[in-house]
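Report on the following structure.
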Amino acid sequence: MSGLVVAFRSCSCSPSAPRSPLVSSPRISQARLLLELWPSRRANFNRNCLVWRISSRRARADVDSEVAELPQKSVRFEEVYLTDDDGGGEDAAAIPWWEQFPKRWVIVLLCFSAFLLCNMDRVNMSIAILPMSSEFHWSPTTVGLIQSSFFWGYLLTQVAGGIWADTVGGKFVLGFGVVWWSIATVLTPIAAKVGLPFLLVVRAFMGVGEGVAMPAMNNILSKWVPVSERSRSLALVYSGMYLGSVTGLAFSPMLIHKFGWPSVFYSFGSLGTVWIMTWINKAQSSPLEDPQLLPSEKKLILHSCSSKEPVKSIPWRLILSKPPVWALIISHFCHNWGTFILLTWMPTYYHQVLKFNLTESGLFSVFPWLTMAFSANLGGWIADTLVSKGVPVTTVRKLMQTVGFLGPAFFLTQLSHINSPTMAVLCMACSQGTDAFSQSGLYSNHQDIAPRYSGVLLGLSNTAGVLAGVFGTAATGYILQHGSWDNVFEVSVGLYLVGTVVFNLFSTGEKILD
């Protein structure tokens, strides 16, 4: 043994070293004796870290021989850590800064980047479909069929993705989703040239990959993120979707103009390779599975998050018997009806009502996505601040979702009284901006009420949300054919009000399923 190390709990230079309570042993006696024999040297010790090394066996022998002759005086130790090695534990200052970055936020950022790629790969078709339909002589009906084929797979895998994530782990399912939709994106130009049926199948396959992503992400964050950080983490991840739409809409025209429409699919799809390599090396489904997680962070996460044993079966009857679950499903339907209509029909509204040309319509369509990315993170910060100050989680969720419903409802009712195109665009942006507060309301509520089944719950409610998008988009066309834009907005406002009442009456922020 080359030395003896005595460390106090107040020592800040070795936070990662394990500690044990002070116990009676020869080595402890030696340490106490040294403090008594050399009081002048003890004054020179660093106040935060006390280290004494005995480098000579002869010195140790001399000390042992004098133990009986000296009075035993107690030395106040809170904890002592002894090691036979020179290292005595890794110094925190020696750990690179990037390894000290909280691992849970590494997981959040990786989920953010996955959803960034998700919407980049989704919206590129809305731009590329124009040159594609010209090259392959597709009719508007065929174009609509191609655009809707994505939702075939997306709708079918919401609940399945949640079950899969809750039973086998979110890491594998989200990784599968990114790889699957990236391959489908790369195959899109090839399938288009082979024939329409192949293209429809590939787009449906892409929907399968993106359909499992959201439940898998919800499962992962329910295990990694404490409740006090839940709102802002989800807001950041969902803002990746908004920024992905902005990025896709911004870069697709440039790539198509310079390299042709297939380049959009090849370039966007290949980005999934970079992501999956990082995901495999850095991510785990839960903190318990991560060997590199610092003990202090693991303690924080496990103390704040419920224990999540693997799910072996889904208690469907119990889940569907809970009013807060139905509050989520109904509110998600009401929320997505308005959101999908605005985001799908917004360029048409700008062109028909505000008399913008197509370029201006596309440009102004990006503005609400940016507004949503900002306000989602603002709402997440507000929600987590309220929770950290002791405001009940139920109150916070209902407050955030009330803003997410009544805000869009108010601004949509003002559109019929506005004549200025600038004010109309601003009003639409404010509508979508307040809508994004829902990320801290209903979208966070799945993890609150059933952390073990959060993937399944999101799959259930998001299925209702996708159906709202499908039916709402079709209903809007019917309403415009027989009515006006005011009628379209009136239906959305009515559903926002229904969602407000249902969520405030039946939702809760407390855990109802273990």
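The values are calculated or read from the model by the stated rules, or taken from the named source; none is laboratory data. Every value quoted in this text rests on a predicted model; they were computed, and no experiment measured them. Here Cβ is always computed from backbone atoms with ideal geometry, including for glycine, and neighbour counts include all displayed protein chains. Calculation scope for accessible area: heavy atoms of the full protein, side chains included, ligands and nucleic acids excluded. Shrake-Rupley method; radii C 1.70, N 1.55, O 1.52, S 1.80 Å.
You will find that of Gly170, Gly153, the residue that is touching a Gly at 6+ places or on another chain (Cβ under 6 Å) and surrounded by 20 or more Cβ atoms within 10 Å (Cβ to Cβ) is Gly153 and no other.
Each residue in region 477-514 was checked for being of a type in the set (Val, Ile, Thr) and open to solvent by less than 40 Å² (accessible area, probe 1.4 Å), and 6 pass. Considering only region 176-185, I want to know if a residue exists there that is touching a helix residue (DSSP H, G or I) at 6+ places or on another chain (Cβ under 6 Å), small (Gly, Ala, Ser) and closer than 24 Å to Val106 by Cβ. Yes, region 176-185 has at least one match.
Let's see how each residue does on (1) touching a helix residue (DSSP H, G or I) at 6+ places or on another chain (Cβ under 6 Å); (2) hydroxyl-bearing (Ser, Thr, Tyr); (3) closer than 19 Å to Leu110 by Cβ; (4) open to solvent by less than 20 Å² (accessible area, probe 1.4 Å):
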position	(1), (2), (3), (4)
Phe259	no, no, no, no
Val264	yes, no, no, yes
Gly269	yes, no, yes, yes
Glu289	no, no, yes, no
Leu293	yes, no, yes, yes
Lys298	yes, no, yes, no
Leu320	no, no, no, no
Pro324	yes, no, no, yes
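Scanning region 459-473 for residues that are more than 15 Å from Gly499 (Cβ to Cβ) and open to solvent by 10 Å² or more (accessible area, probe 1.4 Å) turns up Leu460, Thr463, Val470, Phe471, Thr473.
Note on region 185-208: residues that are free of Cβ contacts under 8 Å to residues at least 40 places away in the same chain and among the small types (Gly, Ala, Ser) total 2. Check region 188-208 and report whether any residue there is closer than 28 Å to Trp105 by Cβ, assigned to a helix (DSSP H, G or I) and open to solvent by less than 50 Å² (accessible area, probe 1.4 Å). No; the residues of region 188-208 include none that is closer than 28 Å to Trp105 by Cβ, assigned to a helix (DSSP H, G or I) and open to solvent by less than 50 Å² (accessible area, probe 1.4 Å).
When Trp381, Trp369 are checked against the criterion of being closer than 21 Å to Asn462 by Cα and open to solvent by 10 Å² or more (accessible area, probe 1.4 Å), a single residue qualifies: Trp369. Could you please tell me which pairs satisfy a Cβ distance under 6 Å, a separation of 6+ or placement on different chains, a first residue in region 259-279 that is assigned to a helix (DSSP H, G or I), and a second residue that is among the charged types (D, E, K, R) and open to solvent by less than 30 Å² (accessible area, probe 1.4 Å)? So the pair list comes out as Phe268/Asp121.
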